[in-house]
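Quick one: structure below, then a few questions.
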Amino acid sequence: MSITSVRTPASLPAASSPADSSQVSVAEASQRRQLLQAAQSVNASGALGQNELVFLLDRQTHRAVIRVVDRTTQQVVSQIPPEYVLQLAQDLGSSAKVMAADDDI
């Protein structure tokens with residue numbers, strides 16, 4: 001399962017291809033920036049102690065993932081949705097594609 005981190009704006013690509021830019025609306029891009037700024041504020045405040053918020057986008061399911069990660073060990077303390085839910089969503093998506101292909105035959 002591929003998951004992309006969006007910890008900081010620096011981790012995002014500087015320029016996207018024309019095909020990618022049509023997929024993300026201006027409103028979605030604005031919401032992503034606001035989300036990143038909120039996570040950076042929480043992380044900078046120290047409210048989570050030695051942990052930090054990490055927002056991810058699962059490449060397979062295109063679902064947002066929120067993780068609480070230990071800053072020193074980089075171990076995932078908590079994740080929403082859990083890994084098994086992402087795997088289930090991916091499996092269901094694959095099944096739906098197979099069923100749709102069978103309907104075309």
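Looking at Ser45, Ser41, Ser78, can you tell me which residue is touching a Lys or Arg at 6+ places or on another chain (Cβ under 8 Å) and loosely packed, with under 14 Cβ neighbours inside 10 Å?
Result: Ser78 is the single residue among Ser45, Ser41, Ser78 that is touching a Lys or Arg at 6+ places or on another chain (Cβ under 8 Å) and loosely packed, with under 14 Cβ neighbours inside 10 Å.
List the strands (runs of 3 or more DSSP E) that sit entirely inside the range 1-98 and contain at least 3 residues that are at pLDDT below 90 and under 16 Å from the mean Cα position of the chain (by Cα).
The qualifying strands (runs of 3 or more DSSP E) are 3-5, 51-58.
The values are calculated or read from the model by the stated rules, or taken from the named source; none is laboratory data. Keep in mind it's a predicted model, so treat the numbers as computed, not measured. All Cβ positions, glycine included, derive from the backbone under ideal geometry; neighbour counts span all protein chains shown.
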